[in-house]
1. Helix 21-37 against the longest principal axis of the chain: what's the angle in degrees, Cα atoms only, rounded to the nearest 10?
2. Taking the Cα atoms only, what angle lies between the long axis of helix 81-98 and the longest principal axis of the chain, rounded to 10 degrees?
3. Ignoring everything except DSSP H segments at least 4 long, calculate the 222 nm mean residue ellipticity for the chain; use -39,500 (n - 2.57) per segment, divide by total residues, nearest 500.
4. Starting from region 25-123, pick out the GluC sites (Glu not before Pro) whose DSSP state is loop and whose Cβ has at most 10 other Cβ atoms within 10 Å.
5. What's the local net charge at Glu4, with K and R +1, D and E -1, over the other residues with C-beta under 12 Å away?
6. Pull out a ≥ b ≥ c, the square roots of the eigenvalues of the alpha-carbon gyration tensor of the chain, then state rounded if a/c is under 1.5, prolate if not and a/b is larger than b/c, and oblate in the remaining case.
7. Relative contact order for region 1-59: what percent, with Cα pairs under 8 Å and sequence separation of 6 or more?
8. For Ala97, what charge total do you get from the other residues with a beta carbon under 13 Å from its beta carbon, if Lys and Arg give +1 and Asp and Glu give -1?
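A short reminder: the numbers here are calculations on the coordinates, not readings from a lab. Values in this document were obtained by computation on a predicted structure and should not be read as measured data. Methodologically, a virtual Cβ is constructed for each residue, glycine included, from the backbone with ideal geometry; neighbour enumeration extends over all protein chains shown.
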Amino acid sequence: MTQEADLLLKQGISQYQKNDFEAALRSWHEALNLYRASLNLRRQGAALGNLGAAYQVMSDLSQAIACFKEHLAISEEIQDPQGEINALTNLGNAYQALGEYTKAIYYLRHRLAIAQTLADRQS
């Protein structure tokens, strides 16, 4: 089940890179369902991050934000600071695109705090 989900995740990345966002969404939703069935939280987070990116490119910011928030919750649950940084960055960017700068700053400051804790200069 996980191997099939991994293939769908990779297929979605290829579709996304070819600007076939609808196909990427379908692949990533299928992968997410399989990861949920196998209780693979880390990979669920990856699928949710990808889904959020596709929704954001397609200007469906409410769906993007929902995916990014779920990715953040999973990353916090499994104590994955890099996943948290990715989700927080995506949330900040999505809120910035909506013109909700206070929320964008909140998420980006939270990201900065985690990056500083990890001494991650790039983030």
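1. Once rounded, the angle reads 90 degrees.
2. The helix 81-98 is inclined about 80 degrees to the chain.
3. For the chain, the value works out to -28000 deg cm²/dmol.
4. Numbers: sites: Glu30, Glu70, Glu76, Glu77, Glu84, Glu100; in loops: Glu100.
In loop regions of region 25-123 (DSSP not H, G, I, E or B), there are no sparsely surrounded GluC sites (Glu not before Pro).
5. Details: positive: Lys10, Arg43; negative: Asp6, Glu30.
Net of charged neighbours comes to 0.
6. Working: a/c = 2.12, a/b = 1.35, b/c = 1.57.
Note, shape of the chain comes out oblate.
7. Once normalised by length, the contact order is 35 percent.
8. Values: positive: Lys103; negative: Asp60, Glu100.
Counting the neighbours of Ala97, the net charge comes to -1.
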